[in-house]
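The values are calculated or read from the model by the stated rules, or taken from the named source; none is laboratory data. Worth saying up front: this structure is predicted, and the values here are computed from it rather than measured. Ideal geometry is used to build each Cβ from the backbone, glycine not excepted, and the neighbour counts take in all protein chains shown.
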Amino acid sequence: MAACFAVRTEVFVGEQSVPESIEYDAYDADAVHVLALGPDGVALGTGRLLHGPAARAKTGDPAVGSLGRLAVRKAARGLGVGAALVRAIEAEAVRLGLTAVDLGAQTQALGFYERLGYAAYGPEFQDAGIAHRAMRRPLAGSPGH
């Protein structure tokens with residue numbers, strides 16, 4: 001968890017000026033966290049999956065997980081780390097029996113998520129002072145898909 005939090009602090013708090021007081025929340029305790037490590041063992045990126053009651057609070061549907069806090073260190077961007085993290089989170093969502101994954105994408109990252117099969121829906125909204133759009137991707141291999 002310390003490595004996940006270090007990446008999030010570097011990217012969200014340091015680069016994007018998200019207040020540290022809102023970067024970490026009660027959802028961290030029950031979320032599934034993923035961590036990408038380089039060949040030297042250094043953390044390159046992280047993300048989390050909310051499921052169960054936490055996901056229901058975010059998505060309104062207990063069968064839909066919530067992907068969030070996806071962060072890749074600047075030096076590792078463009079290497080496929082973010083896509084690998086998303087796919088690892090989706091694999092865990094399928095393992096948990098979820099049918100889809102929702103996320104709130106920063107508008108500058110919409111193209112990244114669209115390339116991974118996510119579709120935007122609803123109006124733009126602000127989160128931590130940053131413009132976002134809601135996105136969803138049905139999961140192949142999940143019940144009914």
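Selection of the range 93-108 for residues being buried (at least 16 other Cβ atoms within 10 Å of the Cβ) and either of a type in the set (D, E, K, R) or in a helix (DSSP H, G or I) (or both) yields Ala93, Val94, Asp102. When we screen Leu67, Leu44, Leu50 for residues that are surrounded by 14 or more Cβ atoms within 10 Å (Cβ to Cβ) and more than 22 Å from Ile130 (Cα to Cα), the only hit is Leu44.
Just one residue in the set Ala54, Ala71 is small (Gly, Ala, Ser), in contact with a helix residue (DSSP H, G or I) (Cβ under 8 Å, 6 or more places away or on another chain) and not in a helix (DSSP H, G or I); that residue is Ala71. Scanning the range 52-74 for residues that are at pLDDT 95 or above and over 18 Å from Gly122 (Cβ atoms) yields a count of 6. Mind listing whichever residues of the range 4-36 are surrounded by fewer than 20 Cβ atoms within 10 Å (Cβ to Cβ), touching a residue at least 12 places away in the same chain (Cβ under 8 Å) and either touching a Cys at 6+ places or on another chain (Cβ under 6 Å) or closer than 28 Å to Leu139 by Cα (or both)? Within the range 4-36, Phe5, Glu23, Tyr24, Tyr27, Asp28, Asp30, Val32, His33, Leu35 qualify. Within the range 14-43, the residues that satisfy the criterion of being farther than 20 Å from Leu67 by Cβ, assigned to a helix (DSSP H, G or I) and not acidic (Asp, Glu) are Gly14, Ser21.
Residue by residue, here is whether (1) free of Cβ contacts under 8 Å to residues at least 40 places away in the same chain; (2) more than 19 Å from Gln16 (Cβ to Cβ); (3) of a type outside the set (Lys, Arg); (4) in contact with a Gly (Cβ under 9 Å, 6 or more places away or on another chain) holds:
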| position | (1), (2), (3), (4) |
| --- | --- |
| Val42 | yes, yes, yes, no |
| Thr46 | no, no, yes, no |
| Thr59 | no, yes, yes, yes |
| Leu70 | yes, no, yes, yes |
| Ala83 | yes, yes, yes, no |
| Arg87 | yes, yes, no, no |
| Gly97 | no, yes, yes, no |
| Asp102 | no, yes, yes, yes |
